[in-house]
Amino acid sequence: MSASSAPIRVVVAKVGLDGHDRGAKVVARALRDAGMEVVYTGLHNSPEQVVATALAEDADAIGLSILSGAHMTLFPRVLRLLDEAGAKDIVLFGGGIIPDADATQLREAGVAEIFGPGASTQVIAEWVREHVASPDQGRPAAVLSAPSRENAARKKYSEQTVTGCCGPRSYKCQTGKQRLGRRIGSGPKGAAMMRTRS
């Protein structure tokens, strides 16, 4: 990556009722250390919240961590929401305790890659770098150009109200905190800016 190129932006998320996030945090930090910009959403997100975060953050990829056994429901739901938002250019990958037969079905459905237990963080970071293009590395121009029907759909979807600590709200709750997750940073030293989840 040259000094002038934009880093790959990845949203790392835990979806559903899965409460174990150590692996997601390790992967998020590994991607950050590999020079990517990472937004970690925290625990207990809905697929709608994850997609809205990815759209608002202009993410190049979404990495889902699912250990709850709900992978055959949650991955297809995120894919469907990305399609509805006109954001098929956002690469969806993930990992967790996912049987090989299910991983094959998820790949056939459109999930770019599934990493199982014991996958090396270096392998994951290399895969992301090889399979996800940042905006200046050939991401489709429709996402970066003047407003289009696709961008209008993204804007409409990203303004959708979600439920959180303060009840239904858009991306600032009544306490005024940002809703989009915690920015871990970019580059080996990370960024000084941390955004907390409300």
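Here are some notes:
- Residues that are open to solvent by 20 Å² or more (accessible area, probe 1.4 Å), outside any loop (DSSP other than H, G, I, E, B), touching a helix residue (DSSP H, G or I) at 6+ places or on another chain (Cβ under 7 Å) and not basic (K, R) are absent from the stretch 2-25 altogether.
- Checklist (1) open to solvent by 30 Å² or more (accessible area, probe 1.4 Å); (2) touching a helix residue (DSSP H, G or I) at 6+ places or on another chain (Cβ under 8 Å); (3) modelled with pLDDT under 60 applied to T161, failing item: (2)
- Matching residues, the stretch 108-122, being farther than 15 Å from V26 by Cβ and open to solvent by 50 Å² or more (accessible area, probe 1.4 Å): E108, A109
- Filter result for E37 (open to solvent by 40 Å² or more (accessible area, probe 1.4 Å) and acidic (D, E)): no
- Residues that are in a helix (DSSP H, G or I), in contact (Cβ under 8 Å) with a residue 12 or more places away in the chain and either of a type in the set (A, V, I, L, M) or under 25 Å from K25 (Cβ atoms) (or both) within the stretch 97-107 comprise D102, A103, L106, listed in sequence order.
- Looking only at the stretch 44-96, and only at residues there that are of a type in the set (D, E, K, R) and assigned to a helix (DSSP H, G or I), the one that is least open to solvent (accessible area, probe 1.4 Å): E48
The values are calculated or read from the model by the stated rules, or taken from the named source; none is laboratory data. All of these numbers come straight from a predicted model, not from anything done at the bench. With ideal geometry, Cβ positions are generated from the backbone for all residues, glycine too; neighbour counts draw on all protein chains shown. The accessibility values were calculated without ligands, DNA or RNA, using every heavy atom of the protein model including side chains. Shrake-Rupley method; radii C 1.70, N 1.55, O 1.52, S 1.80 Å.
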